[in-house]
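> Structure in structure tokens, see below.
All of the numbers you see were taken from the coordinates with simple rules; none came from a lab. Since this is a predicted model, take the numbers as computed values, not measurements. So basically every Cβ, Gly included, is an ideal-geometry build from the backbone, and we count neighbours across all protein chains shown.
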Amino acid sequence: MFKTILVAVDGSGHAGKAVRCGGDIAKTYGAKLVLLAVDGHRPLKGPLIDLAKSEDLSRSEVFERILASARILAEVPEGVTVEQRVGFGDPADEILDEAGRIDADLIVVGSRGLGEYAELLLGSVSRKILHLAKVPVLVAHS
Ligand SMILES: Nc1ncnc2c1ncn2[C@@H]1O[C@H](COP(=O)(O)OP(=O)(O)O)[C@@H](O)[C@H]1O
Ligand SMILES: [Mg+2]
């Protein structure tokens, strides 16, 4: 059923949950897993600022690091193809565009991300994707 799974990662624990779900489904179906982090040209947030400072990373290195951590977290065995990429622009638009480009048949996101409004159940990126995606969307809650 699933051949290409797109998981959106922003460095949050919620996205980590999405990565584990996406990795598990990729394993089960032998699907390709594509990990996407979008640089929204906004100031880096909480844990990302700490990461950049503590290891003296450039902005692009921070996004590469988010993807590298996600890849480890996905725990996919050898033989399952994993690709990772950085997008630029509005995160939801980029995630939806990338899903179209790679012909993804499933998009996996976390319910929340790095935003500060803890009372919200769904962040704006996950909400926009749920509204506009043309393929099934899995929202991982943590
Ligand atoms: N810049 C981004 N790049 C890739 N995925 C993202 C990005 N921002 C959010 N996401 C995805 O959307 C999910 C929900 O995040 P978001 O809607 O931004 O919530 P919040 O408002 O709490 O930050 C994240 O767990 C992640 O899967
Ligand atoms: Mg966010």
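> What are the pairs, 6+ residues apart or on separate chains, where a residue within segment 116-135 that is under 21 Å from A104 (Cβ atoms) and free of Cβ contacts under 8 Å to residues at least 60 places away in the same chain has its Cβ under 6 Å from a residue that is more than 10 Å from ligand 2 (Cβ to nearest atom) and charged (D, E, K, R)?
If the second residue must be more than 10 Å from ligand 2 (Cβ to nearest atom) and charged (D, E, K, R), the pairs left are V135/D105.
> Another question, then. If I ask for residues that are near ligand 1 (Cβ under 7 Å from one of its atoms) and of a type in the set (A, V, I, L, M), which ones from segment 101-121 would you list? So that I can check it myself, show each step before the final result.
Just the residues of segment 101-121 that are near ligand 1 (Cβ under 7 Å from one of its atoms), to begin with: 109-115, 117, 120.
V109, L114, L120, listed by residue number.
> Any idea which of E94, E98, E75 is touching a residue at least 40 places away in the same chain (Cβ under 8 Å) and within 8 Å of ligand 1 (Cβ to nearest atom)?
E94
> Residues of segment 1-20 being surrounded by fewer than 20 Cβ atoms within 10 Å (Cβ to Cβ) and of a type in the set (A, V, I, L, M, F, W, C), which ones?
Those that are surrounded by fewer than 20 Cβ atoms within 10 Å (Cβ to Cβ) and of a type in the set (A, V, I, L, M, F, W, C): M1, F2.
> Could I ask something else about it? Mind checking which residues of segment 68-126 are within 11 Å of the chain's Cα centre (by Cα), under 14 Å from T4 (Cα atoms) and not aliphatic (A, V, I, L, M)?
Scanning segment 68-126 gives a single hit, Q84.
> Of the residues K27, K53, K32, which is of a type in the set (D, E, K, R), more than 11 Å from ligand 1 (Cβ to nearest atom), over 19 Å from S111 (Cα atoms) and touching a Ser or Thr at 6+ places or on another chain (Cβ under 8 Å)?
Only one candidate qualifies: K32.
> Anything in segment 5-27 that is hydrophobic (A, V, I, L, M, F, W, C), part of a helix (DSSP H, G or I) and in contact with a helix residue (DSSP H, G or I) (Cβ under 6 Å, 6 or more places away or on another chain)? List them, or say none.
Going through segment 5-27, the residues hydrophobic (A, V, I, L, M, F, W, C) turn out to be 5-9, 15, 18-19, 21, 25-26.
Adding the requirement that they be part of a helix (DSSP H, G or I) leaves 15, 18-19, 21, 25-26.
Residue satisfying the conditions is V19 alone.
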